[in-house]
Every structure is written in C-alpha cells, then in structure tokens.
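The values are calculated or read from the model by the stated rules, or taken from the named source; none is laboratory data. Since we're looking at a predicted model, the values are computed, not measured. Ideal geometry is used to build each Cβ from the backbone, glycine not excepted, and the neighbour counts take in all protein chains shown.
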Amino acid sequence: MSADAERIWRATVLTMFPEMFPGPLGLSLAGRGLERGLWAMDVLDIRVFARDKHRSVDDEPFGGGPGMVMRADVVDAALAAVEGRPGPVVYLTPRGRLLDQALVWKLAEGQGVTLLCGRYEGIDQRVLEARAVEEVSVGDYVLSGGEPAAIALIDAAVRLLPGIMGNEESPAEESFETGLLEHPHYTRPAEWQGRVVPGVLISGHHEKVCRWRLSEAERVTEQRRPDLWARYLKRKGRGTDRGGRKE
Ligand code: 6GU
C-alpha cells in the first residue's frame, strides 16, 4: 500500500444493517470518489461481536419501559476491533449535538471518522463514556436507526474532500458556507407556463446579478431561518466565515 493510499479519508461504520451501505454513497459524487479511491469505507456488522449462542446484541432496559438497549459489552468489542483508526468515534443519536457545516468541515479535514449506528432505544451509556464516544444528531426528528444519519454525515464530509467536486460545483457560495441560505435558481426556458425569470438575471450586469443574489439570500434566510439570520448579522462585522470558522 502506498503512503497516499494509507492516508485517504476513511469512514468506518459499525451497524446491525451492513446491507444499507454503501447505498446512496455508491452513486453520484460520493460513489465516483469511492471508485476512484479518493476515500474509503469499511462496514462492520455489530452482530459479529455478540458472544452468546443467540448472538444477542440488545437487552431490556434497566428500570423498565419499551424497546431494547444495545449491550455495552457487545458495542465495546465492536469498538475495540476498530481501535486506533484516525478520527473521532461518533455515535449517531437524536440526543447528540446537532451536525452543522462547521463540524462537517472539521471531520472532512481530519483523516476519517468511525460511526456507530444504533437501533432500538439506544446504546448502554457506560460504553459511550468508557470509550469517549461523541454523540451527534442530524436534526430534531427521529429516525428508526442511525444508518441514514451516518449516510448523511459521510455524504456531507466526502463532497468536501479534495478532488471530489469539480470546479463548477465549488462549495464556497452555497447554503451555510456564507451563513445564508442560497438565492433561488433559474434556467431555460426564460418563460415557462407564463412565469418569467427575474429580469436582472438576463440583463448581463454581473454586479447587479451579485447584488440581487445576495439580497435574495438575505431575504429568504431572514424569512425561514431566524436562527441563521441572527448569527449572520452578528458575524457580519467580525470577518468570520464558513459556518463560524475564522478565515
Ligand atoms: Cl443521528 N439517529 C436517529 N436514530 N434519529 C435521528 C438522528 C440520529 N438524528 C436525528 N434523528
């Protein structure tokens, strides 16, 4: 293995549903990058680390209540098998800190990430503490498991890796990089079902187009995302960018 191949960004996924991977990550931008060796993914089946004859991974929660909890010893054995890989170990859970573009950049700029996908009601808290696992959520709604969240996180990170995106798909101007949602987009035909494209976009005035796009981005952000809008206004005077990173 060459030194470069050892250093490529690597996602390690621990899951009870390995068939869910690569899934959408095998297609489009991420999939082409995977085929070209620009990043790599290893998927491990957590059930392999169950030791009893029934291969049980989960058990009833202490204190009672619905659902099942993944056992500390089984999850610990799975994490031990991938110990020493570069990058943080992240457990995907709606109890985690929210994933945002700043954290995506941090992960993409590292050497990779190990993602622990839970099912059932969750994972025994003791193993998360013992192995200093970071807990991350992809939004304020509940998925039936961490796998779609892991796919979202990997997709977001991989598209930022060098060589993945062509020049025409630069991330610099898109939503969350500027701290604003994006302006609306239009393409041909200039008139469709009686609806016309905003005149400034076909005026040929590059500077006017830029100003219009910024004002549209500001308008839509203020309207839809008061949280982003407040941060944008605060940050504007301070010369920071990229989801809060200092330039
Ligand atoms: Cl990371 N996992 C699950 N199961 N549900 C979620 C989530 C993660 N983030 C938001 N909802």
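Just checking, which of GLY166, GLY84 is away from the ligand (no atom under 16 Å from the Cβ), within 23 Å of ALA50 (Cβ to Cβ) and without any contact (Cβ under 8 Å) to a residue 12 or more places away in the chain? First the steps, then the outcome.
Values: GLY166 fails: within 23 Å of ALA50 (Cβ to Cβ).
Only one candidate passes the filter, namely GLY84.
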Counting only residues that are of a type outside the set (A, V, I, L, M, F, W, C) and under 13 Å from the mean Cα position of the chain (by Cα), how many does region 110-134 have?
2
Among the residues of region 173-199, the number that are more than 35 Å from the chain's Cα centre (by Cα) and of a type in the set (Val, Ile, Thr) is 1
For region 51-109, which residues satisfy the criterion of being of a type in the set (Val, Ile, Thr) and more than 18 Å from THR15 (Cβ to Cβ)?
VAL104
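Where residues in region 102-142 are β-branched (Val, Ile, Thr) and buried (at least 19 other Cβ atoms within 10 Å of the Cβ), which of them is nearest to the ligand (Cβ to nearest atom)?
We begin by selecting, within region 102-142, every residue β-branched (Val, Ile, Thr); these are 104, 113-114, 123, 127, 133, 136, 138, 142.
Remaining after also requiring buried (at least 19 other Cβ atoms within 10 Å of the Cβ): 104, 113-114, 123, 127, 133, 136, 138.
Numbers: VAL104: 14, VAL113: 13, THR114: 14, ILE123: 11, VAL127: 17, VAL133: 13, VAL136: 6, VAL138: 4 Å.
If we take residues in region 102-142 being β-branched (Val, Ile, Thr) and buried (at least 19 other Cβ atoms within 10 Å of the Cβ), then VAL138 is nearest to the ligand (Cβ to nearest atom).
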Sort out which residues of region 32-49 are part of a loop (DSSP other than H, G, I, E, B) and either of a type outside the set (Gly, Ala, Ser) or under 17 Å from VAL13 (Cα atoms) (or both), and write them in order of number.
ARG36, LEU38
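Looking at region 203-223, can you tell me whether even one residue there is modelled with pLDDT under 95, of a type outside the set (A, V, I, L, M) and either in contact with a Gly (Cβ under 8 Å, 6 or more places away or on another chain) or surrounded by 12 or more Cβ atoms within 10 Å (Cβ to Cβ) (or both)? Reasoning before the result, please.
Within region 203-223, the subset modelled with pLDDT under 95 is none.
Scanning region 203-223 turns up no residue that is modelled with pLDDT under 95, of a type outside the set (A, V, I, L, M) and either in contact with a Gly (Cβ under 8 Å, 6 or more places away or on another chain) or surrounded by 12 or more Cβ atoms within 10 Å (Cβ to Cβ) (or both).
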Can you list residue pairs whose Cβ atoms sit under 8 Å apart, with the first residue in region 123-146 being touching a residue at least 12 places away in the same chain (Cβ under 8 Å) and farther than 20 Å from GLU60 by Cα and the second being of a type in the set (S, T, N, Q) and within 7 Å of the ligand (Cβ to nearest atom)? Count only pairs 6 or more apart in sequence or on different chains.
GLU135/THR93; VAL136/THR93; SER137/THR93
Restricting attention to region 15-47, and to residues there that are among the aliphatic types (A, V, I, L, M) and surrounded by fewer than 15 Cβ atoms within 10 Å (Cβ to Cβ), which single residue is nearest to VAL113 (Cα to Cα)?
ALA40
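With the requirement that a residue be in a loop (DSSP other than H, G, I, E, B) and out of contact with any Asp or Glu (no Cβ under 9 Å at 6 or more places or on another chain), what does region 63-84 give you?
Going residue by residue through region 63-84, those that are in a loop (DSSP other than H, G, I, E, B) are 63-68, 71, 82-84.
Hits for region 63-84 are GLY63, GLY64, GLU83, GLY84.
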Scan (1) under 16 Å from PRO22 (Cα atoms); (2) among the basic types (Lys, Arg); (3) within 16 Å of the ligand (Cβ to nearest atom) for the single condition ARG159 breaks and write down its number.
(3)
Which condition does LEU79 not pass, out of (1) more than 15 Å from the ligand (Cβ to nearest atom); (2) closer than 24 Å to LEU161 by Cβ, if it passes all the others?
(2)
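Can you report the number of residues in region 15-31 which are over 30 Å from VAL74 (Cα atoms) and in contact (Cβ under 8 Å) with a residue 12 or more places away in the chain?
First pass over region 15-31, keeping only residues over 30 Å from VAL74 (Cα atoms): 27-31.
With in contact (Cβ under 8 Å) with a residue 12 or more places away in the chain added as a condition, the list becomes 29-30.
Final tally of qualifying residues: 2.
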